[in-house]
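Below is one structure, written out as structure tokens; the observations come after it.
The values are calculated or read from the model by the stated rules, or taken from the named source; none is laboratory data. Note that this is a predicted model, so its numbers are computed, not measured. Cβ coordinates were reconstructed from backbone atoms using ideal geometry, including for glycine residues, and neighbour counts include every protein chain displayed.
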Amino acid sequence: MMAKKIPQNTNSYSERAILVGVEISNTSGNFSLTDSLNELERLAETAGIIVVGSTTQRLDRPNPQTYIGSGKVEELKMLVNELNANIILFDDELSPRHLRELEKHFGLEVSIVDRTALILDIFAQHAATHEGALQVELAQYEYRLPRLTRAWTHLARQAGGGGGRTGSVGGVGLRGPGETQLEVDRRDIRRRIAHLKDEIEKIKVHRRQYRRRRKKYGIPIVALIGYTNAGKSTLLNQLANANVYVADQLFATLDPTTRLVYLGNHHQILITDTVGFIQKLPTTLVAAFRATLEEITEADLLLHIIDITHPNAMEQAKAVYEVLKEIEAEKLPIFTILNKIDLLNDPAQAQIALTQFPNAVAISARAGIGIDTLTQKINEFLFEKMHSVTLRIPQRDKQLLQSFEQLGRVDRVETDEQSIIMIGEIAGRYLARFLPYQIDPDFLLNKRISSFL
């Protein structure tokens with residue numbers, strides 16, 4: 001396809017990028033090619049890069065050497081010269097080979113950057129705590145290690161260091177006999193990765209201890225989740241009268257924030273604002289942020305915030321569900337919060353959207369619309385309503401049955417050699433810990449029918 005130039009007064013920007021989007025036949029995604037490139041442009045702006053042009057291509061399969069076709073490579077060379085660009089930004093993650101071959105074609109004056117490297121760079125800019133900086137640095141090194149070359153020149157900002165995209169890996173020691181500089185760099189990066197993993201493991205242990213203390217006091221934990229820039233921090237500020245940083249940009253807040261919220265009737269909850277999700281979230285980032293994402297998996301209730309005004313609201317919601325599945329949190333109780341209804345031209349749109357989600361509430365976190373309804377629903381779910389469950393508990397986990405008996409009401413129990421089948425009711429604030437054992441309520445009926453056949 002033809003390239004697109006974006007006419008702007010960009011002389012003051014030192015980092016000027018051309019976006020490259022590729023649509024591969026027989027592959028499916030939540031976003032169209034155009035919508036995905038529009039999001040990539042916003043990511044570039046968040047990273048402080050000005051976009052001066054874009055180009056797209058449809059292929060049956062990626063070129064094994066340069067990802068895009070040879071003709072598109074030549075077209076990009078002309079665009080780089082014409083638009084005075086110094087970054088070529090791909091909307092997909094490039095393999096180490098793709099990066100090496102493209103760097104050969106464009107030389108050291110032009111940085112080849114893929115979507116993953118860009119997101120990692122944004123996270124590095126926004127990591128405000130020691131924990132966040134460690135997690136981002138680990139993700140960066142895990143990404144860089146297989147891609148390390150002598151021509152490494154792009155997006156190597158150290159987490160929290162702000163040293164620009166110089167590509168330095170740092171910490172290079174003395175060479176052994178016969179070692180190349182790349183071997184030394186790889187060895188030092190592996191050593192740094194091992195150290196970062198040890199530090200993050202200590203944080204995980206501390207977080208587990210902190211969560212055990214919170215559970216000891218019996219205060220339910222509610223996690224805010226959603227696509228980046230959906231309004232999670234604004235909702236936290238509204239519910240908790242907090243002062244969490246809010247900005248109209250992707251990944252404005254990165255580090256999790258927890259606040260105590262009073263719901264009335266002497267009920268209180270802890271609400272945690274978590275990192276925003278995005279399509280094509282780098283796997284290295286998910287792995288590095290596992291300790292932070294455990295805040296989601298340990299929650300008693302999830303509030304999924306959706307920007308109902310966004311043209312890709314449904315696609316963004318699907319991307320969030322995919323990440324929930326990846327971190328094994330998709331079975332947790334969830335309320336869908338349709339945010340920013342004050343910006344809708346037709347308020348009826350919100351009512352139509354409500355029918356597409358179970359347990360949905362329409363609000364404006366900024367204007368305070370619908371907040372009372374939301375807090376009432378949270379209060380009812382966690383404290384006032386009993387929820388029916390049918391559980392299949394392994395015989396070796398009898399303590400789980402005893403725990404349920406203490407927290408809820410057991411209506412019926414049946415046993416076999418392997419498991420205990422239990423029907424009962426429990427309050428919403430305790431429901432999440434038993435959901436991994438939940439089965440279809442018709443299981444007992446089907447079991448009895450089969451015994452007569």
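Couple of notes before you dig in:
- Number of positions in segment 179-196 that are surrounded by fewer than 15 Cβ atoms within 10 Å (Cβ to Cβ) and either in contact with a helix residue (DSSP H, G or I) (Cβ under 9 Å, 6 or more places away or on another chain) or over 22 Å from L293 (Cβ atoms) (or both): 7
- Test: residue in segment 285-299 that is surrounded by fewer than 21 Cβ atoms within 10 Å (Cβ to Cβ), touching a residue at least 12 places away in the same chain (Cβ under 8 Å) and under 16 Å from Y227 (Cα atoms): yes
- Under the condition of being exposed (fewer than 14 other Cβ atoms within 10 Å of the Cβ) and outside any helix (DSSP H, G or I), the residues counted in segment 374-404 number 4.
Residues checked against (1) modelled with pLDDT of 85 or more; (2) crowded, with 18+ Cβ neighbours inside 10 Å; (3) out of contact with any Cys (no Cβ under 6 Å at 6 or more places or on another chain):
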| site | (1), (2), (3) |
| --- | --- |
| P347 | no, no, yes |
| I363 | yes, yes, yes |
| G370 | yes, yes, yes |
| E414 | yes, no, yes |
| E425 | yes, no, yes |
| F434 | yes, yes, yes |
| Q438 | yes, no, yes |
| N446 | no, no, yes |
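- The set of residues in segment 124-137 that are surrounded by fewer than 24 Cβ atoms within 10 Å (Cβ to Cβ) and part of a helix (DSSP H, G or I) comprises Q125, H126, H130, E131, G132, A133, L134.
- Breaking point among (1) touching a Leu at 6+ places or on another chain (Cβ under 8 Å); (2) closer than 27 Å to H126 by Cβ, for L102: (2)
- Of all residues making up segment 330-343, the number that are surrounded by fewer than 16 Cβ atoms within 10 Å (Cβ to Cβ) and part of a loop (DSSP other than H, G, I, E, B): 2
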